[in-house]
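Bear in mind these aren't lab numbers, they're just calculated from the coordinates by the rules spelled out. These numbers were taken from a predicted model, which means no experiment stands behind them. So basically every Cβ, Gly included, is an ideal-geometry build from the backbone, and we count neighbours across all protein chains shown.
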Amino acid sequence: MTALLDPTSERSPTIRPRLGRPDRLEGLTVGIVDISKPRGDVFLDRLDARLQERGIATRRYMKPTMTRPAPLALRQQIGTEVQVVIQGLAD
Amino acid sequence: MVVATTEFIEAAEAQAKALGTDPACVFIPHPVQDRTDDELRAMADTHFDAIIAMLLKGN
Amino acid sequence: MDAPHDGLVAVVKRDCPTCELTAPVLAALARAAGLTVYTQDDPGFPAEIAARIHDADLNVSHRLRIEIVPTLIRFEGGQEIDRTYGWDRAEWERIAARPGLGDGLPAMRPGCGAKNVEPGILERLKVRHGETGIAARRIEIGSGEDEIEAMFDRGWSDGLPLVPPTEERVLRMLAGTGRDPQEVIGLVPSDLVPATVEKIAINAVMAGCKPEYLPVVLAAVEAVLAEPFAMHGVLATTMYVGPVVIVNGPIRRAIGMNARGNALGQGNRANATIGRALQLVIRNIGGGRPQEVDRATLGNPGKYTYCFAEDEENSCWEPLSVERGIAPGKSAVTVFAGFGLQGVVDQKSRDPDSLSRSFAESMKAMQNVKLAPSCDCIVVISPEHERTYRAAGWTKQQVYDAFYRLTEMDGDDLVAGAHGIAEGGPPSYAGRRIAKFRPGGLMIVRAGGGAGMFSGIIGGWSASGERGSAPVTREIRE
């Protein structure tokens with residue numbers, strides 16, 4: 001753990017804020033990322049179906065392996081194709 | 001946001017502390033490996049609203 | 001417990017001839033009286049004292065405020081009664097309340113610097129003991145997080161990597177000034193946040209400054225926050241400008257600034273980091289960022305950093321700071337809302353009139369040849385060009401007079417629509433002579449390498465002078 005001194009006016013919280021989130025999903029595309037653990041696909045398939053029932057566009061992605069972070073190319077592809085991401089199923 | 005089982009709660013907290021981030025998480029009951037397909041789909045239904053809420057502003 | 005309720009404490013180190021000298025005295029005191037001996041370096045020293053304690057992390061030395069070794073302290077009733085340092089027989093006998101100490105030793109011998117106050121070690125101890133007096137909030141960076149990335153993620157950066165502002169680095173930076181860390185230099189726009197010496201020091205660390213640069217950074221911040229500079233406007237404008245910092249006086253050489261070859265370019269740490277620190281202060285303390293309060297259409301590369309020193313040596317003119325009212329021999333900064341560098345190439349003029357026309361024709365094009373009055377300018381005259389003026393015996397005032405006179409233009413040429421250019425002045429310009437620059441809108445500075453008949457013009461902001469930003473000069477305080 002390193003401590004850095006705050007160079008700012010200190011008018012905002014120290015935890016890095018989550019990236020700006022949308023007000024609603026309608027009109028957006030939701031990315032569903034399967035992190036490649038067994039049985040996760042059944043759970044994610046159901047989320048996918050429910051989203052599509054509501055008329056929300058989805059795209060599916062698969063991490064090549066559960067043991068490493070998603071490769072850069074995949075992360076960049078996801079970043080350009082969707083606006084929000086659900087990742088699962090970690091157990 | 002991330003969907004994980006309750007086994008992950010401590011790990012998620014530790015990682016959040018280490019990385020200084022506060023990722024949105026929904027925890028579902030552990031284990032999942034021995035659930036039937038119907039049980040998994042039911043869990044997805046139960047937690048659907050919570051998962052959507054985590055994607056949106058204000059959560 | 002560092003000290004006995006009643007008794008003597010001695011702090012020594014092996015790497016000190018006087019401590020070695022007093023070792024037998026300490027041995028005698030240890031046998032006769034209650035004496036605790038702390039060793040700062042070698043746990044085997046002094047060999048004569050079996051019950052010596054190794055103050056390896058120097059925490060005891062720090063708490064006892066040791067500055068010189070050997071130090072001998074007397075405690076009574078849990079309080080320090082008296083102390084002495086170095087070897088002084090009379091003092092040691094008095095404090096130990098024992099006569100006849102140090103038989104065979106000289107009456108006195110000076111001590112050595114204590115290990116706990118060596119540079120770097122003292123800051124570390126102050127941080128460890130929470131005595132730094134630092135007021136800024138601490139941001140914890142997790143063990144899994146990369147410090148450099150963390151600073152980018154938090155929005156502190158100008159786009160380039162920053163030096164992590166640890167408490168130790170900031171303490172070392174603050175040692176570069178005698179000013180109180182909590183002194184408020186001014187309110188930084190756009191959020192109008194008080195900039196303390198400490199907050200500025202944090203940003204100076206991030207910029208990569210050395211502690212000896214801090215006084216220059218403080219003076220530059222003070223200058224841009226002065227009302228006539230109109231920092232909020234300079235920040236918020238859609239135009240190109242950012243603060244340009246020119247340094248005069250002895251401090252230039254003391255901190256190794258560049259006033260010669262490539263003075264406006266890269267490669268010199270002081271030039272680069274002083275200008276950068278100023279920009280980081282605006283960004284991080286004031287909250288002014290591109291596409292937020294900073295609405296610049298294009299900006300200019302000088303908004304990363306734009307700071308150089310004037311080449312005062314061998315110049316026939318007084319330095320810019322002296323021209324602007326600072327006493328000769330004093331160090332000062334002048335800040336100017338400026339952008340870019342327009343080259344003035346003249347390799348043929350042998351006389352000051354021809355050379356001045358080269359400058360003037362170039363200056364007429366500043367912003368747009370159809371616009372007058374336009375912005376203020378800094379004219380950076382290189383040594384080879386200054387030599388032409390020097391040979392002709394021209395004072396700086398004569399050069400200014402020539403520039404103002406030669407940049408007057410016929411209003412007919414400036415009227416909107418004239419010469420097929422829609423931009424331009426009002427119809428009332430017709431038939432009149434119009435000055436390109438407001439009186440006092442030009443500043444001449446000598447800088448650059450010795451070879452090259454190439455000078456430059458730094459453009460300013462349309463809103464110049466009282467209706468906008470005016471240059472500000474401030475003396476540098478150590």
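Starting with the fewest neighbours, write out C:MET173, C:MET366 ranked by other beta-carbon atoms found within 10 Å of each beta-carbon.
With the sparsest Cβ surroundings first, the list reads C:MET366, C:MET173.
Taking a Cβ-Cβ separation under 4.7 Å as the criterion for a possible partner, which cysteines of the protein assembly as shown have none?
B:CYS25, C:CYS209, C:CYS307, C:CYS316, C:CYS375, C:CYS377
Past 32 Å, Cα to Cα, is the threshold; run B:LYS57/C:LYS303; C:LYS303/C:LYS396; C:LYS199/C:LYS330; C:LYS303/C:LYS370; C:LYS330/C:LYS370 against it and keep the listed order.
B:LYS57/C:LYS303; C:LYS330/C:LYS370
Listing B:PHE48, C:PHE336, C:PHE75, A:PHE43 from the residue with the fewest other Cβ atoms within 10 Å to the one with the most, what is the order?
The order, fewest Cβ neighbours first, is B:PHE48, C:PHE75, A:PHE43, C:PHE336.
Would you mind checking the tilt of helix A:72-81 against the longest principal axis of the Cα atoms of chain A, expressed as 0 to 90 degrees and rounded to 10?
80
Helix C:197-207 against the longest principal axis of chain C: what's the angle in degrees, Cα atoms only, rounded to the nearest 10?
70
Rg (Å, one decimal) plus Dmax (Å, integer) for the alpha carbons of region C:214-327?
14.6, 45
Can you tell me the dipole magnitude for region C:323-478 around its Cα centre, using point charges on the Cβ only (Lys, Arg +1; Asp, Glu -1), in Debye to the nearest 20?
Using Cβ point charges on Lys, Arg, Asp and Glu, region C:323-478 gives about 280 debye.
Stretched out fully, how many nm does the piece from C:ASP410 to C:ARG98 gain, at 0.36 nm a residue minus the Cα gap?
Values: separation 312, 0.36 × 312 = 112.32 nm, distance 9.67 nm.
Result: 102.6 nm gained on full extension.
Give, rounded to the nearest 20 debye, the magnitude of the charge dipole that chain C has about its Cα centre when Lys and Arg contribute +1 at Cβ and Asp and Glu contribute -1 at Cβ.
In debye, rounded to 20, chain C gives about 820.
Let me have the relative contact order for chain C, percent, based on Cα pairs under 8 Å that are six or more residues apart.
The value is 13 percent.
Under the 0.36 nm per residue contour assumption, what length would be gained going from the current alpha-carbon distance of C:GLU227 and C:ILE121 to full extension?
Difference between extended and current length: 34.0 nm.
With each run of n ≥ 4 DSSP H residues scored as -39500 (n - 2.57), what mean residue ellipticity at 222 nm is computed for chain C after dividing by its residue count and rounding to the nearest 500 deg cm²/dmol?
Roughly -8000 deg cm²/dmol at 222 nm, from the helical runs in chain C.
So, counting K/R as plus one and D/E as minus one, what does the shell of residues with Cβ under 11 Å around C:PHE45 add up to?
The answer is -2.
Take peptide A:43-54, look around each residue's Cβ out to 10 angstrom, count Cβ atoms belonging to other protein chains, and average those counts.
Per residue, the average neighbour count from other chains is 4.
Note down the relative contact order for region C:361-478 as a percent, whole number, built from C-alpha pairs under 8 angstrom at least six residues apart.
42
Mind checking region C:145-239 for GluC sites (Glu not before Pro) that DSSP puts in a loop (not H, G, I, E or B) and that have at most 14 other Cβ atoms within 10 Å?
Working: sites: C:GLU145, C:GLU147, C:GLU149, C:GLU167, C:GLU168, C:GLU183, C:GLU198, C:GLU212, C:GLU222; in loops: C:GLU145, C:GLU183.
Loop-located and lightly packed - C:GLU183.
Leaving out same-chain residues fewer than 8 places away, which aspartates and glutamates sit with a Cα under 13 Å from that of C:LYS115?
Result set, ordered by chain and number: C:ASP15, C:ASP41, C:ASP42, C:ASP55, C:ASP57, C:GLU67, C:GLU123.
Using only alpha carbons, build the gyration tensor for the protein assembly as shown and give me the equivalent ellipsoid semi-axes, biggest first, whole Å.
55, 50, 17
Which of C:VAL69, C:VAL60 has the fewest other C-beta atoms within 10 Å, and how do the rest follow up to the most?
C:VAL60, C:VAL69
Given bins 20 angstrom wide, list per bin the percent of all Cα-Cα distances in chain C, short to long.
Cα pair-distance distribution for chain C, in percent: 21, 38, 24, 13, 4, 0.
I'd like the orientation of helix A:40-53 relative to chain A: the angle between its Cα long axis and the longest Cα principal axis, in ° from 0 to 90, rounded to 10.
Orientation of helix A:40-53: about 90 degrees from the principal axis.
Residue by residue, what Karplus-based ³J(HN,Hα) values in Hz, rounded to whole numbers, does region C:268-275 have, using 6.51, -1.76 and 1.60 with θ = phi - 60° and x for Gly and Pro?
Computed from phi, the couplings for region C:268-275 are 10, 4, 5, 3, 5, 7, 5, x Hz.
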